[in-house]
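Notes to accompany the following structure.
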Amino acid sequence: MKYTYPLKMSFKIVAIAPQIFIRDASENELFYVHQKAFKLKEEITVYRDQSKADSLYSISADRVIDFSAKYTIRDAAGTTLGALRREGAKSIFKASYLLLGPEDTQTHHIKEDNAWIRVADAVLESIPVVGMISGYLFHPSYTIYDMTEKPLMRLTKKPAFFEGAFEINALDESIDEVTETRLLLSYMMMILLERARG
């Protein structure tokens, strides 16, 4: 694996245009996204850091906002690394995403570990004053599995005021670097989609 775990993912809750950071265990910035606000067709650029001097990847939807849109991940040269797609009706109550390889075939699956925790977190977060402490009470988590249902990574919401804070842990250290990057970018896109969904 390329990075030192656990990784930290964070974004400002009150920002109009979300800014997402992924940092390693030593607080080094690995990825940064400043999503443009009010875009009908999702398209984001992933930078090395918030200076935006070095763009590394892009993630773009294949259609205007849609429940079954596919989000294609490409490197700076335009080479397709894979894609992320919400798994239709299965995602209505419990988040479920398919991860596709460059050939558009499924390689991995993101599953929410306990949908009731996310529901409770979302309900309390919407209540004035009480919402400020909801992040300390409930901690939704999402696990990436390979096609044999072996868990590879887990993203867990952590306690935080005025920002979304998540921790990413590697559950299998044999993942190759290209796959590792694709899984991390899929988590980043998933969090943007889940945040918009509430």
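The values are calculated or read from the model by the stated rules, or taken from the named source; none is laboratory data. Keep in mind that this is a model prediction, so the values were computed, not measured. No Cβ is skipped: glycine too gets one built from the backbone with ideal geometry, and neighbour counts run over all protein chains shown.
Here Tyr187 clears all of (1) within 17 Å of the chain's Cα centre (by Cα); (2) modelled with pLDDT of 90 or more; (3) not in a helix (DSSP H, G or I) except the condition numbered (3).
Just give me the residues in region 35-45 being farther than 17 Å from Lys70 by Cα and at pLDDT 60 or above, in sequence order. Lay out the reasoning, then the answer.
Looking only at region 35-45, we keep the residues that are farther than 17 Å from Lys70 by Cα, and these are 35-38.
Gln35, Lys36, listed by residue number.
For Ser96, the stated conditions do not hold, so it cannot be described as crowded, with 18+ Cβ neighbours inside 10 Å and at pLDDT below 85. Just a yes or no: is a residue in region 128-147 more than 13 Å from the chain's Cα centre (by Cα), in a strand (DSSP E or B) and at pLDDT 95 or above? Yes, some residue in region 128-147 is more than 13 Å from the chain's Cα centre (by Cα), in a strand (DSSP E or B) and at pLDDT 95 or above. Taken together, the residues in region 154-184 that are at pLDDT 95 or above, assigned to a strand (DSSP E or B) and over 12 Å from the mean Cα position of the chain (by Cα) amount to 2.
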